[in-house]
Amino acid sequence: MDAFIRFTNQTQGRDRLFRATQYTCMLLRYLLEPKAGKEKVVMKLKKLESSVSTGRKWFRLGNVVHAVQATEQSIHATDLVPRLCLTLANLNRVIYFICDTILWVRSVGLTSGINKERWRTRAARHYCCSLLLSLVRDLYEISLQMEQVIHDKAKKEKSASQDPRGYSVADEETEWLQSFLLLLFRSLKRHPPLLLDTVKNLCDILNPLDQLGICKSNPGIIGLVGLVSSIAGMITVAYPQMKLKTR
């Protein structure tokens with residue numbers, strides 16, 4: 001109970017919880033819509049989804065400041081690739097949250113001179129760029145982990161004098177794809193924060209790709225990947241040690 005209270009006391013924790021609720025409603029609504037006699041349930045889910053989405057917009061109002069702070073921190077990363085990817089990703093997040101705030105101002109009726117579709121497309125574009133750069137960083141980290149797995153295995157076998165030729169992934173699997181997948185599995189297994197971050201970014205990117213018309217998806221898929229991403233985000237908020245650290 002104490003852990004749940006600490007989680008909900010955080011703005012990010014409440015946002016992740018609302019986000020999971022929003023995408024759960026979207027997924028359930030998609031599954032129930034084709035079924036007869038479920039009209040009332042679908043309508044309630046739609047209203048709840050809309051209410052939760054509106055609530056999340058309030059939580060995101062201060063995210064511009066957080067994104068600026070994250071940008072300042074990423075500039076000091078020691079490794080060039082994460083420094084470049086994270087800095088550019090966070091800059092795109094700053095612009096995305098600015099666009100999101102403008103859309104919020106438009107939605108609450110504070111002004112009517114804003115082209116909603118234009119700003120929504122602009123927000124989706126910068127959000128997509130941010131996620132793509134984050135995925136590049138994830139791929140770089142994965143490649144480092146794979147190299148480390150190979151190095152550790154070769155060192156272990158060399159010390160045991162089991163294989164003087166050194167380690168080769170192909171020794172375990174005859175097929176290249178199987179060998180690669182085995183190495184990838186071992187690399188992610190030894191680094192859970194990297195696995196969570198990669199899964200989260202892969203799931204998140206489907207939403208802006210759908211909005212931009214690059215890769216069209218249905219509400220069921222968006223709801224499912226959004227729920228998976230939200231759960232991954234909730235884990236990193238509840239357990240900070242599971243958040244991928246910057247080198």
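Remarks
- Residue ID - most open to solvent (accessible area, probe 1.4 Å), chosen from residues in region 1-34 that are aliphatic (A, V, I, L, M) and closer than 14 Å to Ala232 by Cα: Leu17
- Number of positions in region 26-50 that are under 30 Å from Val65 (Cβ atoms) and touching a residue at least 40 places away in the same chain (Cβ under 8 Å): 1
Yes/no per residue for (1) closer than 30 Å to Arg106 by Cβ; (2) of a type in the set (S, T, N, Q):
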{"position": "Ile5", "(1), (2)": "no, no"}
{"position": "Ala20", "(1), (2)": "yes, no"}
{"position": "Thr24", "(1), (2)": "yes, yes"}
{"position": "Ala36", "(1), (2)": "no, no"}
{"position": "Leu48", "(1), (2)": "yes, no"}
{"position": "Ser51", "(1), (2)": "yes, yes"}
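- Applying the criterion of being touching a Leu at 6+ places or on another chain (Cβ under 6 Å) and aliphatic (A, V, I, L, M) to the residues of region 213-226, the residue that is farthest from Val199 (Cα to Cα) is Leu224.
- So Thr101, is it free of Cβ contacts under 8 Å to residues at least 60 places away in the same chain, of a type in the set (Ser, Thr, Tyr) and farther than 23 Å from Gly55 by Cβ: no
- Among (1) farther than 24 Å from Pro192 by Cα; (2) at pLDDT below 50, the one test that Glu172 misses: (1)
- A search for C-beta distances below 6 Å between a residue of region 195-206 that is farther than 17 Å from Leu86 by Cα and any residue that is polar (S, T, N, Q) and modelled with pLDDT of 95 or more, counting only pairs 6+ apart in sequence or on different chains, returns Cys203/Ser229.
- Those residues of region 222-247 which are more than 13 Å from the chain's Cα centre (by Cα) and surrounded by fewer than 17 Cβ atoms within 10 Å (Cβ to Cβ), in sequence order: Ala238, Tyr239, Pro240, Gln241, Met242, Lys245, Thr246, Arg247
- When residues in region 63-95 are screened for being touching a Leu at 6+ places or on another chain (Cβ under 6 Å) and at pLDDT 95 or above, 3 of them pass.
- Test result for Thr87, of a type in the set (S, T, N, Q), open to solvent by 20 Å² or more (accessible area, probe 1.4 Å) and touching a residue at least 24 places away in the same chain (Cβ under 8 Å): no
- The single residue among Leu135, Leu110, Leu144 that is hydrophobic (A, V, I, L, M, F, W, C) and loosely packed, with under 14 Cβ neighbours inside 10 Å turns out to be Leu110.
- For region 204-221, the tally of residues that are over 17 Å from Phe18 (Cβ atoms), of a type outside the set (Asp, Glu) and open to solvent by less than 50 Å² (accessible area, probe 1.4 Å) stands at 7.
The values are calculated or read from the model by the stated rules, or taken from the named source; none is laboratory data. Everything quoted here is computed from the prediction, not taken from an experiment. Don't worry about glycine lacking a Cβ; one is built from the backbone with ideal geometry, like all the others, and counts go over all protein chains shown. When the accessible area is computed, the model is the full protein with side chains, heavy atoms only, and any ligands, DNA or RNA have been set aside. Shrake-Rupley method; radii C 1.70, N 1.55, O 1.52, S 1.80 Å.
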